[in-house]
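To start, the structure under review is shown below, and the notes come after it.
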Amino acid sequence: MQSVDEDKKKTLKRSRSFNCNMPLTDSSVTATVDDCNLFPVEEIVQYPLPGYVAPTSISFSPDDSIITYLLSPDHTLNRRVFAYDVKTGKQELFFSPPDGGLDEGNISPEEKLRRERLRERGLGVTRYEWVKSSTKKKEIMVPLPAGIYLQDFSCSNPELKLPSVPCSPIIDPHLSPDGTMVAYVRDSELHVLNLLNNESKQLTYGANGNSLTHGLAEYIAQEEMDRKTGYWWSLDSKFIAFTQVDSSELPLFRIMHQGKSSVGSDAQEDHAYPFAGATNVKVRLGVVSAAGGPITWMDLLCGGSDQANNEEEYLARVHWMLGNNLTAQILNRSHSKLKILKFDIKTGQRKTILVEEVGAWVSLHDCFTPLDKGVTRFSGGFIWASEKTGFRHLYLYDANATCLGPLTEGDWMVEQIAGVNEAAGFVYFTGTLDGPLESNLYCAKLFPYGNNPLEPPVRLTHSKGKHMVVLDHHMRTFVDIHDSLNSPPRVLICSLEDGSIITPLYEQFTIPRFKRLQLEPPQLVKIQADDGTALYGALYKPDVTRFGPPPYKTLINVYGGPSVQLVSDSWINTVDMKAQFLRSQGILVWKMDNRGTARRGLKFEGSLKYKAGQIDADDQLTGAEWLIKQGLAKAGHIGLYGWSYGGYLSAMTLARFPDVFRCAVSGAPVTSWDGYDTFYTEKYMGLPSENPSGYEKSSVMHHVHKMKGRLLIVHGMIDENVHFRHTARLVNALVAAGKSYELLIFPDERHMPRRHRDRIYMEERIWDFIERSL
C-alpha cells in the first residue's frame, strides 16, 4: 500500500504532464487548479458521465399506479430500484440488494461474457421485472448473483425465491405473462420455478454445456442480432418456445490468458467463434409445456452451412401471437431475404406469411407487433416495418398476412414502436421525421384506409434533442427521457393525448463536475461528401482566450461503421470526456458520420456494401480537408482516434492518406475482415470466397506500406469479440514493411478495458502519444 504522500506526488507529477508547469510542492495544488484550469486525465474514465446519474430501466406497474426505475443515489454505477407513486408523487427506495448486489467479482464467467455482449457496466441491480398477478399485490422479480428475489411493495424485506451457486448460476430469468412462474437457464438447460409452490422443474435434457445448449442465445445472436435470449413464453403462460444450439461443427478458437501466473485450463478459454466464410452453429426451435413433458420441434433448422445461398441461416426473432401461434423471423446467409414463418406448435408444421427483400441488405428490427388486444377486424394481424422505400416505415397486415398499406411514409425513418392502442386506432413510435440528429415520439392512425391520403404523424415530444419513451398500459400517459446538447437527461411524465408535461419525475439543475471542468457543447455542422451527400459533424473548439485563434492541432474521433451514429443533438456528445479533455489541452476535436453509418436511410447506409475501409475513409478525408479549408486545422497536424470499427477506420485512414494524417490511435481494431464473425462481416462484405479482392482491399495490411505517420495500437489480449490476433497480424505486416509502431496491450482485458486502473493508464499513454505525435 502506498503512502498518501506518494499518491499526492504521483497526482502532481501527472498534473505537470498536462501543460501545468508548477513547482512540485504541496502548496501548488490550489494554484494548479485555479491557474491552469486543470482537467485531470482521470475525468475521462469516470462513470457515470456528468449528468447521467438519472433513472434507467423505467417501468409502469401492471395497474399503472407506480413507476419504478434504477438509480444510483451516490452517483456511482451501483444501482437500486426506486418507486414513484403516481397519485401522491412520493418517491422512495423500493429494493436494495441484501448483499450489495452484483459486482464484477461475484458473477460467473458465463455472466461476465453476457455483460460484454450487453455492453453492461451497471452494478448492484441491473434488471428487474414486474410480477403481473391477478391479485392486488404489487411486487417485482429481481435477479442477482445470489439468486432470484421477489420484493412486495408492502413489505420491507425481499424474499429469496431461488438461490444461485457460483458453479451453477441462474442465467436469463424471465417471468411468465401471468406472473405465476419464472423460467431460467441453469447448466445449459431450461427450467421453470413455480412461484405458488416454490417448486422448480427441468424442462429440457441432453445439453452438455459445451457444444449443445437449450434456451440460450448463441454468440452471434447476442453480439450481432440484438437477440439476448434463447426462449420465449407463450401469451397464456402454458408453453415455452426455446432454441437448441449445436456448435459441435465449429472449430474452437482458444484464447490464452497470458497475464496469469498459472497455466492450464484456468488460463485459457475456448470459443465456438464462426469466422467469415465458415460454418455457423445449428439452431433448432422447440416448444415445451411449462408443466414439462415432450418437446415438439418446429420444421426448422438454421445454420450449419457455409453457403451464400442458404435460405435459412439465422433465427433472428421469435414471437407468440394470438391463439398460441408461434412466429419466427429467418434470415438467409447473404442477408438479402428475410422470411416470417408461422408454426403449428402441435405438429411443428410451418407456413411462410411474409418475405422481405430490399436494397443492399435486410436489417433486423423489433417493430413486428401482433394485433390482439382489441376486438377489431384486424385482430390476428400485425404491424411490420420495411425499408422497401429506402427508409424504414410501418405497414399494416391483416390476419391473412395481406399487406393493407403503409401507416407512415417519407424520407425519414421509424426507429421503434412504443405502443399500440387498438381500440382507439393509434400507433405510437419514435422516429426521425424532424431530422436525423433528433429522435421524437409520434402518433399515427392505425387504420387510415379509404379514399383519403395518408395523414402525417403527430409529434408528441416538444423539446429538441433525443427522446426515449415508456408508455403506460392504459395508453394515457408516457414517461419521456429527454436530453440534448444543452440539457442533461431529465425524466418527465407526459400526457399521451398531446404530449403536455404532467409532472417532472427527475430533473438536474446543477452538475458539479460539468461546471468545475467548464465543459461546452460541441458545434454541429453540415458538410458535403464528394457526391453531394450531406454529412453531419461536431466541432469541439479550444478556448480562444487560452490558446489563441485557429488553426489548431486536430484529432478526429472516428467510428464510421454500420448501425452507429456519433453526431446527434444529445448530451452524450457534450459529456464526451475524451473530446473535452483534448479541447482543454488546446486540441480541436472533430467527429463526423460518414456514409455507411446509422439513421440516414438504406441508400446512405448501404453505401458501405463491399466498400469497408474505402468510402468511409474517403469521407473522413473530406472532413479533414474541410477543416483545413475553414482554417480550423493545421495541415500536417491532424490525427485520428477510434475503437473497434473506429480502430479499424483510424488505422486504415492513416495508411491510405499518408500525406494528410500524422498519427492514429487504433483501439481493438479489426484489421482483416476474414478474421471477424460471419453475420456482421458477410452482411457488408459478402463471403470471402465470392469477394476476394474486396476483402484484400479492405484489410489494413494491404495499405501499411504507404504509411508515414505514427500508429499506436491498443488491445486487450483476451478480447473474445475482436481477437488480439487482428493486432498480431497487423504487427507482422508493419514489421515486413519496415514501419514503426507503438503497442499498448492489456493481458487481462477484453474488448474495452473495465478496470479503473487500466483505463487511467490507457488514457495517460494515449495522451502521451498524441502530445508527442501531433
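The values are calculated or read from the model by the stated rules, or taken from the named source; none is laboratory data. Just so it is clear, the model here is predicted, and its values are computed rather than measured. Here the Cβ positions follow ideal geometry from the backbone for every residue, glycine too, while neighbour counts run over all protein chains shown.
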Please list, ordered by first then second residue, the pairs with beta carbon atoms under 6 Å, 6 or more apart or interchain, first in the stretch 98-126 and on the phi > 0 side of the Ramachandran plot, second among the polar types (S, T, N, Q) and surrounded by 13 or more Cβ atoms within 10 Å (Cβ to Cβ). Gly124/Asn78
Could you please let me know if Asp768 is of a type outside the set (Ser, Thr, Tyr), surrounded by fewer than 16 Cβ atoms within 10 Å (Cβ to Cβ) and either in contact with a Cys (Cβ under 9 Å, 6 or more places away or on another chain) or more than 30 Å from Tyr273 (Cα to Cα) (or both)? yes
In this structure, does Leu196 turn out to be over 27 Å from the mean Cα position of the chain (by Cα) and among the hydrophobic types (A, V, I, L, M, F, W, C)? yes
Is it true that some residue in the stretch 346-360 is more than 18 Å from Gln244 (Cα to Cα), surrounded by fewer than 18 Cβ atoms within 10 Å (Cβ to Cβ), under 27 Å from the mean Cα position of the chain (by Cα) and at pLDDT below 95? yes
Filter the stretch 275-293 for residues that are part of a loop (DSSP other than H, G, I, E, B) and out of contact with any strand residue (DSSP E or B) (no Cβ under 6 Å at 6 or more places or on another chain); the one that is surrounded by the fewest Cβ atoms within 10 Å (Cβ to Cβ) is Gly293
Checking Thr503 against (1) touching a Gly at 6+ places or on another chain (Cβ under 8 Å); (2) of a type in the set (Ser, Thr, Tyr); (3) without any contact (Cβ under 8 Å) to a residue 60 or more places away in the chain, the condition it does not meet: (3)
Applying the selection to the stretch 200-249, what residues are in contact with a Lys or Arg (Cβ under 6 Å, 6 or more places away or on another chain), hydrophobic (A, V, I, L, M, F, W, C) and not in a loop (DSSP other than H, G, I, E, B)? Ala221
Considering only residues that are in a strand (DSSP E or B) and either modelled with pLDDT under 95 or of a type outside the set (A, V, I, L, M) (or both), which ones fall in the stretch 448-488? Arg459, Lys466, His467, Thr477, Phe478, Asp480, His482, Asp483, Ser484, Ser487, Pro488
Would it be correct to say that Arg729 is assigned to a helix (DSSP H, G or I), touching a helix residue (DSSP H, G or I) at 6+ places or on another chain (Cβ under 8 Å), more than 13 Å from Gly647 (Cβ to Cβ) and touching a residue at least 40 places away in the same chain (Cβ under 8 Å)? yes
Say whether the condition of being of a type outside the set (D, E, K, R) and at pLDDT below 90 is met by at least one residue in the stretch 40-56. yes
Among the residues listed as Ile766, Ile770, the single one being within 27 Å of the chain's Cα centre (by Cα) and either under 18 Å from Leu640 (Cβ atoms) or assigned to a helix (DSSP H, G or I) (or both): Ile766
Looking only at the stretch 174-187, decide whether some residue is closer than 22 Å to Glu249 by Cβ, of a type in the set (S, T, N, Q) and in a loop (DSSP other than H, G, I, E, B). no
Looking at Pro688, is it assigned by TED's automatic domain parsing to the domain that holds His751, assigned to a loop (DSSP other than H, G, I, E, B) and within 26 Å of Ile770 (Cβ to Cβ)? no
Condition check for Gly323: out of contact with any strand residue (DSSP E or B) (no Cβ under 8 Å at 6 or more places or on another chain), at pLDDT below 95 and within 23 Å of Gly230 (Cα to Cα): yes
Answer yes or no: is there a residue in the stretch 72-92 that is modelled with pLDDT of 95 or more, hydroxyl-bearing (Ser, Thr, Tyr) and under 35 Å from the mean Cα position of the chain (by Cα). yes
Considering residues that are of a type in the set (Phe, Trp, Tyr) and without any contact (Cβ under 8 Å) to a residue 24 or more places away in the chain, the number found within the stretch 617-656 is 0
Which one of Leu175, Leu190, Leu235 is within 30 Å of Asp372 (Cα to Cα) and touching an Asp or Glu at 6+ places or on another chain (Cβ under 7 Å)? Leu175
Restricting to the stretch 396-433, count the residues that are farther than 15 Å from His365 by Cβ, of a type in the set (S, T, N, Q) and in a loop (DSSP other than H, G, I, E, B). 2
Residue that is nearest to Cys167 (Cα to Cα), among those in the stretch 82-118 that are surrounded by 15 or more Cβ atoms within 10 Å (Cβ to Cβ) and touching a Leu at 6+ places or on another chain (Cβ under 7 Å): Leu102
For the subset of the stretch 423-447 comprising residues that are in contact with a Leu (Cβ under 6 Å, 6 or more places away or on another chain) and farther than 21 Å from Leu492 by Cβ, which member is modelled with the lowest pLDDT? Gly425
Tell me which of these Lys137 doesn't satisfy, since it passes every other one: (1) at pLDDT below 90; (2) closer than 30 Å to Asp719 by Cβ. (2)
Conditions (1) in contact with an Asp or Glu (Cβ under 6 Å, 6 or more places away or on another chain); (2) closer than 24 Å to Leu654 by Cα; (3) not small (Gly, Ala, Ser) -> Lys526 fails only (1)
Tell me which of these Asp299 doesn't satisfy, since it passes every other one: (1) more than 30 Å from Ala423 (Cα to Cα); (2) touching a residue at least 60 places away in the same chain (Cβ under 8 Å). (2)
